[in-house]
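Chemist: Okay, handing you the structure first.
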Amino acid sequence: MSPHANGNSHAGSSSVPSRSAEPLQASEALSVLESYHHGDGLSVSKLMDSRRNGGLTYNDFLILPGHISFPASAVSLQTKVTRKITLNTPFLSSPMDTVTEERMAISLALHGGLGIIHHNCTAEAQAAMVRKVKKYENGFITDPICLGPDGVVGDVLDIKAKFGFCGVPITETGKIGGKLLGIVTGRDVQFRDPSATLKSVMTTELVTANSGITLEQANTILRDSKKGKLPIVDASGHLLSLVARSDLLKNQNFPLASKEPNSKQLYCGAAIGTRPGDKDRLKLLVEAGLDVVVLDSSQGNSVYQIEFIQWIKSTFPHLEVIAGNVVTREQAAQLIAAGADALRIGMGSGSICITQEVMAVGRPQGTAVHAVSEFASRFGVPTIADGGIGNIGHIAKAIALGASAVMMGGLLAGTTESPGEYFYHEGKRVKIYRGMGSIEAMEHTAKGVQAAAASSVGLDNAATARYFSEADTVKVAQGVSGDVADKGSITKFVPYLYTGLQHSLQDMGVKSVTDLQRDCRAGIVRFELRTASAQVEGGVHGLNSYTKRLFA
């Protein structure tokens, strides 16, 4: 590799070669370029030298353009978010009660990302949300909800209200493994008395498939039979599993969906704390099918989190653990040694977080992402940049600095799928968005649960536990409450982020997240610091008025 490519410079020599008296031949341009001792701009290591440049945020620098030799559509955004979990898009939603519940987790997973369900609710409520995500899409459904012939229509209606579907197999035992008698669908129970027995309304003329069939073959039968469900049975007619036509449609409509390879269920994450009661909470979440747990703390380098990671790894060895938050190598080393499968980076960088202001602790996000990611990569531990993501450019910069993915709060809070209702503020359609360290979040209690009772049994108010203990008589806010503008549905907003990020990597001259991070480490991708004037110049300026449309 040439000195120009790797960014090395010769000690004691000028970076600019001597000039000739006469203009050079145009054909010599590339060879003359090689005579410069380093490429334009700075390598990522020199950019992020905090002793020289101080701590940097995303707006403090730009990435210099590379050479384009491929279409933007060829750019792969596939990335590892934990040691074992790979996503098709590097997008995670923050575990905040105004950002991620089951609707957000389902929608984001369908578009290739991962939703992390908040824990500012009862353990049972959080587990129910995880269960809805896991039941939303399947390959072979090996644990379908079954009913017996003596059940009633009301039982099916309850299942529909709880899980969102009503195609229920009817077996002799009312369980998987029993002899298949029929199936009840939405049309079978429509306009029926809730007390009517299922054997009187079920469909008995069924299309079934024998055990040993492949998922591809099962989907072909579903397509050709025009049935909604395909029961898989053994030679004696006992129900072994189920395949749903709705999943076939989802596969067609959402080719990038994040799925567990074996079950074909959507990936789902959830956050917990590190209190003793969170062990019982985690057991419920694992029973619901949880794939990855986030240990939710503003400062992750604590004996509580280290011991909790070790407990999780000994109790649920197959569960992936995202630990944090961290902003230094020293913090990261402790959690990696404890067994963390990924690290969450950020302290005080979120749009509604005031930790740096109130606690005088934290680090500028760009510097934190680079330092922690560089260290963690040596151990094969992915990192997630959490906070400070306000646009596509910030996502691209976080990935260039070494993060495998980004976690978004405010950027997703205004979408249709986030919890809460829209309202109008000063003529704009908005939704409430609040930090989990805000007084409002810490005062939150579940509906129907008295605050004192909830706190005493650890059922509610994870926001308080994240920053303080229930014994503290005064809660000091590390977050604020506000509102964010309507961004429409995830169905349009995430593809906008995805396509924009593809174009960003194309402009850098790289075809994948892996290539970008490799070329950054090698000094091939170059960076430039931005002055305050340069930041003004790079934004909208010089207009009397303008309309900023993000996507169409």
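Chemist: Note down the Stokes-Einstein diffusion coefficient of the range 108-179 in µm²/s, whole number, using a Kirkwood radius over alpha carbon pairs, 10 °C, and 1.306 mPa s.
Modeler: Working: Rh = 14.1 Å.
Result for D is 113 µm²/s.
Chemist: Using the heavy atoms of the protein chains and a 1.4 angstrom probe, tell me the accessible area per residue for the range 240-310 in square angstrom. Before the final figure, lay out the partial values.
Modeler: Working: 2930 Å² over 71 residues.
Here the residues of the range 240-310 average 41 Å² of exposed surface.
Chemist: Now for a different question. Whenever you get a sec, compute what percent of the accessible area on the range 10-94 sits on carbon and sulfur atoms (1.4 Å probe). Write out the running numbers ahead of the final one.
Modeler: Working: 2730 of 5200 Å².
For the range 10-94, the apolar C and S fraction of the accessible surface comes to 52 percent.
Chemist: Which cross-chain or sequence-distant (5 or more) residues have an amide H under 5 Å from the amide H of V152, H modelled 1.01 Å from N in plane?
Modeler: Here L198 satisfy the definition.
Chemist: Going down the list K511/K548; K226/K259; K84/K259, which pairs span over 19 Å between their C-alpha atoms? Write down the numbers at each step before the final one.
Modeler: Details: K511/K548 29 Å; K226/K259 25 Å; K84/K259 12 Å.
Long pairs (Cα-Cα over 19 Å): K511/K548; K226/K259.
Chemist: Once neighbouring chains are kept in place and the probe is 1.4 Å, which whole percent of the accessible area of the range 153-244 is contributed by carbon and sulfur?
Modeler: Working: 2440 of 4980 Å².
Its accessible area is 49 percent carbon and sulfur atoms.
Chemist: What residue among Q190, A209, P231 has its Cα farthest toward the positive end of the dipole of the range 153-244, where the charges are +1 on Lys, Arg and -1 on Asp, Glu, each on the Cβ?
Modeler: Positive-end residue among those listed: Q190.
Chemist: Could you run the Debye sum over the Cα atoms of the range 153-244, one equal point scatterer each and no solvent, and tell me log10 of I(q)/I(0) at q = 0.15, 0.19, 0.20 Å⁻¹, two decimals?
Modeler: -0.57, -0.89, -0.97
Chemist: Among the lysines, which have Cα under 16 Å from the Cα of K46 when same-chain residues fewer than 8 positions away are ignored?
Modeler: Cross-link targets: K397.
Chemist: Dipole magnitude of the range 98-161 about its Cα centre, charges +1 at Lys/Arg Cβ and -1 at Asp/Glu Cβ only, in debye to the nearest 20?
Modeler: Dipole about the Cα centre, nearest 20: 240 debye.
Chemist: Which angle from 0 to 90°, rounded to the nearest 10, does the C-alpha axis of helix 329-338 make with the longest principal axis of the chain?
Modeler: 30
Chemist: Tell me, what HN-Hα J-couplings in whole Hz come from the Karplus equation 6.51 cos²θ - 1.76 cosθ + 1.60 at θ = phi - 60° for each residue of the range 366-383, using x for Gly and Pro?
Modeler: Ordered by residue, 3J(HN,Hα) equals x, 5, 5, 4, 5, 5, 5, 5, 4, 5, 5, 4, 5, 10, x, 9, x, 10 Hz.
Chemist: Hey, can you rank 121-132, 517-528 by average C-beta count inside 10 Å, highest first? Walk me through the intermediate numbers first.
Modeler: On the way: 121-132: 20.9, 517-528: 19.4.
For the peptides 121-132, 517-528, the packing ranking is 121-132, 517-528.
Chemist: If you don't mind, there's one more thing I want to ask. If amide H atoms are built 1.01 Å from N in the plane of the peptide, which residues on other chains or at least 5 residues away come under 5 Å of the amide H of G182?
Modeler: I170
Chemist: From the helices alone, meaning DSSP H stretches of at least four residues, give me the mean residue ellipticity at 222 nm for the chain, per-run term -39500 (n - 2.57), in deg cm²/dmol to the nearest 500. Show your work: numbers first, answer last.
Modeler: Numbers: 23 runs with 193 residues, N = 552.
After summing the helix terms and dividing by residue count, I get -9500 deg cm²/dmol.
Chemist: For the chain, just list the percent of Cα-Cα distances falling in each 20 Å bin from zero outward, please.
Modeler: Result returned by the calculation: 19, 48, 27, 6, 1.
The values are calculated or read from the model by the stated rules, or taken from the named source; none is laboratory data. Remember, it's a predicted structure, so these values are computed and weren't measured experimentally. Positions of Cβ are backbone-derived with ideal geometry, glycine not excepted, and every protein chain shown enters the neighbour counts. Note: areas computed on protein heavy atoms with side chains; ligands, DNA, RNA excluded. Shrake-Rupley method; radii C 1.70, N 1.55, O 1.52, S 1.80 Å.
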